[in-house]
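Read the structure below first, then the notes.
Please treat every number below as a calculation from the coordinates, not as lab data. Because the structure is a prediction, the values reported are computed rather than measured. Heads up, the Cβs are rebuilt from the backbone with ideal geometry, glycines too, and the neighbour counts pull from every protein chain shown.
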Amino acid sequence: MLFLFKKKSKPKNSDLPVHIGIILDGNGRWAKRRGLPRTAGHSAGAENFRTIANYCRDIGIKYLTVYAFSTENWKRSEEEIYAIWELLRKYLKESIQKMVRDRVKISIMGDIGAIPEDIQELIDETDRLSETFEGIQLNICLNYGGRDEILKAAKEVAADCLAGKIQPEEITDDYFEAKLYSAGVPDPDLIIRPSGELRISNFLLWQSAYSEFYFTKTLWPDFSTKELDSAIADYQKRDRRFGGVKD
Ligand code: FPP
């Protein structure tokens, strides 16, 4: 008997996005549709982050940045915020055990001074452990806001001017970028927003100037590796001109 297996089409390596950004959205609706508490949606979302991050590592993506907690998410209930911290705590503890083996670098982007102290300590530990790792870099945005990040950078540049370190007319893109949370990370090539919303919601405002976008109605916990393949295939068809013209 002849069995025909459809070969799983992995994204072609040429033109693979170097950096993918994802707005983790739709966890609450995912839970509601199942009659579960919102926190169960975040739990499923965190699990899916692990799956997608492993897949990105396997196919050769160099940077994955996810929007996990925004500067505006403090408006949510204490119970929900507590559940998100608990998931992050668990994720960081498990990652610390695995990161030496996997050479995965984890970096947190955002104003972490306001988050629970023990999580800040876990962040310091992951930074220290993974500083020299060359595998995929996972950036988790926590208490992050694009405007907040730009404002922080502007204040630092203004302070440098006042201190006489630089003159206003000498400030370049590179000088400014070095003050962002994302310093040293290339801009995202592809930004994915699940859950049907068609907006950027204060995510990577400076860095997304020339990013390609992929919007889908799929809720984040259901966003599969197969759909990621489709998003990448879609991206690979785009004609990126960065403001120039085609030859
Ligand atoms: C947005 O969906 C999701 C969040 C604000 C929280 C995302 C956080 C996690 C998945 C946990 C983080 C853990 C790791 C390891 C990255 P929503 O609640 O706004 O969904 P809704 O729009 O359907 O209500």
Scope segment 64-113; condition assigned to a helix (DSSP H, G or I), of a type in the set (Gly, Ala, Ser) and over 19 Å from the mean Cα position of the chain (by Cα); matching residues: ALA83, GLY113
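The rows are residues; the columns are (1) of a type in the set (Val, Ile, Thr); (2) touching a helix residue (DSSP H, G or I) at 6+ places or on another chain (Cβ under 9 Å); (3) within 9 Å of the ligand (Cβ to nearest atom).
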residue: PHE69; (1), (2), (3): no, yes, yes
residue: SER77; (1), (2), (3): no, yes, no
residue: GLU80; (1), (2), (3): no, yes, yes
residue: LEU92; (1), (2), (3): no, yes, yes
residue: GLN97; (1), (2), (3): no, no, no
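To keep it simple, each residue is scored yes or no on (1) touching a His at 6+ places or on another chain (Cβ under 8 Å); (2) β-branched (Val, Ile, Thr); (3) without any contact (Cβ under 8 Å) to a residue 40 or more places away in the chain.
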site	(1), (2), (3)
SER95	no, no, yes
ILE136	no, yes, no
LYS152	no, no, no
LYS155	no, no, yes
Inter-residue pairs, beta-carbon under 9 Å, first in a loop (DSSP other than H, G, I, E, B) and in segment 223-247, second surrounded by 11 or more Cβ atoms within 10 Å (Cβ to Cβ) and among the charged types (D, E, K, R), 6+ apart: ARG238/GLU212; ARG240/ASP189; ARG240/GLU212
Segment 146-200, subset closer than 25 Å to PHE213 by Cα and hydroxyl-bearing (Ser, Thr, Tyr), residue nearest to the ligand (Cβ to nearest atom): SER195
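What number of residues in segment 184-202 are hydrophobic (A, V, I, L, M, F, W, C) and either surrounded by fewer than 23 Cβ atoms within 10 Å (Cβ to Cβ) or more than 15 Å from the chain's Cα centre (by Cα) (or both)? Give the derivation first.
To start, the set of residues in segment 184-202 that are hydrophobic (A, V, I, L, M, F, W, C) comprises 185, 190-192, 198, 200.
Those left that are additionally either surrounded by fewer than 23 Cβ atoms within 10 Å (Cβ to Cβ) or more than 15 Å from the chain's Cα centre (by Cα) (or both): 185, 198, 200.
Residues flagged as hydrophobic (A, V, I, L, M, F, W, C) and either surrounded by fewer than 23 Cβ atoms within 10 Å (Cβ to Cβ) or more than 15 Å from the chain's Cα centre (by Cα) (or both) within segment 184-202 amount to 3.
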